[in-house]
1. For region 66-105, what does the convex hull of the Cα positions come to per residue, in cubic angstrom?
2. Give me 5, 166 sorted ascending by neighbouring Cβ count inside 10 Å, so fewest comes first.
3. Neighbour counts of other C-beta atoms within 10 Å: give me 115, 77 arranged from fewest to most.
4. Cα-Cα over 22 Å: which of 90/151; 53/96; 96/168; 64/150; 90/168; 44/90?
5. With r defined as the distance between the Cβ atoms of residue 153 and residue 93 and R0 fixed at 30 Å, what FRET efficiency is calculated, to the nearest 0.05?
6. How far apart, in nm, are the 7 Å Cα→Cβ label points at residue 61 and residue 84?
7. Enumerate the amide H contacts of residue 95 below 5 Å, restricted to partners 5 or more residues apart or on another chain; note that Pro and chain-start residues carry no placed amide H.
8. Using the Karplus equation 6.51 cos²θ - 1.76 cosθ + 1.60 (θ = phi - 60°), what ³J(HN,Hα) coupling, rounded to whole Hz, does each residue of region 100-116 give in order, writing x for Gly and Pro?
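What follows draws every value from the coordinates through simple rules; no lab data is involved. A quick note: this is a predicted structure, and the numbers were derived from the prediction, not measured. Cβ placement follows ideal geometry from the backbone for every residue including glycine, while neighbour counts extend to all protein chains displayed.
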Amino acid sequence: MSKLRAMLGAMAVMAAGFLAGSVAAGCGDKFVVLGRGVRFARAKYPARIVIYKNPASHIPAADKEYMLESTLKLAGHKPSVAENPGELRKLLNAGKYDLVLGDISDTNSLEGTVHASSSGATVIPVVYNPTGAELLEAERQYNCLVKASKKNTDLLSVIDETMLARSKGAAANCAKPR
């Protein structure tokens, strides 16, 4: 009987040891470690952001592939979506927004819409799957630029840098002086 108790006690200690620091390896749970959660980068400067998802641009595809809107929400930003110029004007005139994310091809019209509104937002151009030449040209034209990619930290760092500059009274516009 004491041998059975000793064996059961040893098995209980081994089971506790396995469960204490083991990785849950169930279906879809590859990143969950018992006792810890998955960490996500929080925004240093939470912003109210309009994502302009012009159906004729690359932003809807970029959002679908890289989950731009949900990335912004998880980081602590407050994104809103506009899909046409009327919705964009309505959002900008109804609320105070800090940033507008839109496809690089829409940047000029977005800047005009933002300047005509009372929001004072900064337009940040987004490039999606650019060629090397397109990326170089975009980098020459704009001080701040987001290249949609799997590295969500790139998106979040550009937003944080822009918000920091705005807090210091700079970066009213991401376009470089020509």
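1. Numbers: hull volume 3.4 nm³, N = 40.
Residue-normalised Cα hull volume stands at 85 Å³.
2. Numbers: 5 9, 166 18.
Ascending Cβ contact count within 10 Å gives the list 5, 166.
3. On the way: 115 13, 77 23.
The order, fewest Cβ neighbours first, is 115, 77.
4. Working: 90/151 31 Å; 53/96 19 Å; 96/168 18 Å; 64/150 12 Å; 90/168 28 Å; 44/90 28 Å.
Listed pairs above 22 Å: 90/151; 90/168; 44/90.
5. Working: r = 32 Å, r/R0 = 1.08.
The value I calculate is 0.40.
6. Between residue 61 and residue 84, the simple spin-label model gives 2.3 nm.
7. Sorted by chain and number, the residues that satisfy this come to none at all.
8. These are the phi-based 3J(HN,Hα) values: 10, 9, x, 4, 4, 5, 9, 4, 4, 5, 5, 4, x, 5, 5, 5, 6 Hz.
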